[in-house]
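Peer 1: One structure, as structure tokens, below. Some questions next.
The values are calculated or read from the model by the stated rules, or taken from the named source; none is laboratory data. Computed from a predicted structure; not experimentally measured. We place every Cβ from the backbone using ideal geometry, glycine too, and count neighbours over all the protein chains shown.
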Amino acid sequence: MGGLEHRSLAEPAFPGDDGQVDPALVPVLGDPWATLAQLGGARVFVPIVAVLGERAADGGDKNADMAAVLMTGADGRRALLAFSSVARLETWNPQARPVPVYGQAAAQSALAEGASALVLDLGQAHWQVVETDDLGHLAAGDALVRTEAGTAWVRPAT
């Protein structure tokens, strides 16, 4: 083994994940408020696709990079795609590679890529857009709660 006997791979973030909808999202999909309240701590899948690059200098094959998928709306704003299950992602694009992340990490990635929204389950019956202040609060790890006056984002104590 050449000295590799003591090395180990890092533990996967979602061991035993079967690609189904995260149990926290199962009862709330279709209810925009409840979905948003659960999304930060739930596992979702961000699609990664191959993007053709430049042709090699010798005229050979083009290289390819892997990239998360951003959509651009008619108004020019961009959104990162995420899906609640592998099956829903594959319905959208069977060639996309599903990368499991927490909803909070997906929101952080959207903001890091200059997107102003996160679209959950595009093309499904209960797809949802998380944008503007909600996207920022989701990325920050804030909790969405109901109050007598309506809903509010609350920053957990540190």
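Condition check ((1) of a type in the set (Phe, Trp, Tyr); (2) surrounded by fewer than 16 Cβ atoms within 10 Å (Cβ to Cβ); (3) at positive phi) across all residues:
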residue	(1), (2), (3)
LEU111	no, no, no
LEU120	no, no, no
GLY150	no, yes, yes
VAL154	no, yes, no
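Peer 1: Check whether at least one residue in region 126-146 is assigned to a loop (DSSP other than H, G, I, E, B), surrounded by 12 or more Cβ atoms within 10 Å (Cβ to Cβ), touching a Phe, Trp or Tyr at 6+ places or on another chain (Cβ under 8 Å) and at positive phi, and report yes or no.
Peer 2: no
Peer 1: Restricting to region 20-54, name every residue that is farther than 18 Å from ARG146 by Cα and part of a loop (DSSP other than H, G, I, E, B).
Peer 2: If the condition is that a residue be farther than 18 Å from ARG146 by Cα and part of a loop (DSSP other than H, G, I, E, B), then GLN20, VAL21, ASP22, PRO23, VAL26, ALA42 are the ones that fit.
Peer 1: Now a separate question. Which of the residues that make up region 111-123 are without any contact (Cβ under 8 Å) to a residue 40 or more places away in the chain and not in a strand (DSSP E or B)?
Peer 2: LEU111, ALA112, GLY114, SER116, GLY123
Peer 1: Answer yes or no as to whether GLN104 is under 22 Å from GLY19 (Cα atoms), surrounded by fewer than 16 Cβ atoms within 10 Å (Cβ to Cβ) and of a type outside the set (Val, Ile, Thr).
Peer 2: It is false that GLN104 is under 22 Å from GLY19 (Cα atoms), surrounded by fewer than 16 Cβ atoms within 10 Å (Cβ to Cβ) and of a type outside the set (Val, Ile, Thr).
Peer 1: Pick out the one residue from MET71, MET66, MET1 that is more than 28 Å from ALA140 (Cβ to Cβ) and either at pLDDT 90 or above or not hydroxyl-bearing (Ser, Thr, Tyr) (or both).
Peer 2: Exactly one of MET71, MET66, MET1 is more than 28 Å from ALA140 (Cβ to Cβ) and either at pLDDT 90 or above or not hydroxyl-bearing (Ser, Thr, Tyr) (or both), namely MET1.
Peer 1: Something else: Condition first: under 21 Å from LEU25 (Cα atoms) and not in a loop (DSSP other than H, G, I, E, B). Now tell me which residues in region 73-96 satisfy that.
Peer 2: ALA79, LEU80, LEU81, ALA82, PHE83, VAL86, ALA87, ARG88, LEU89, GLU90, THR91, TRP92
Residues checked against (1) closer than 15 Å to GLN104 by Cα; (2) at pLDDT 90 or above; (3) among the hydrophobic types (A, V, I, L, M, F, W, C):
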site	(1), (2), (3)
HIS6	no, no, no
LEU9	no, no, yes
ALA24	yes, yes, yes
GLY40	yes, yes, no
VAL44	yes, yes, yes
GLY76	no, yes, no
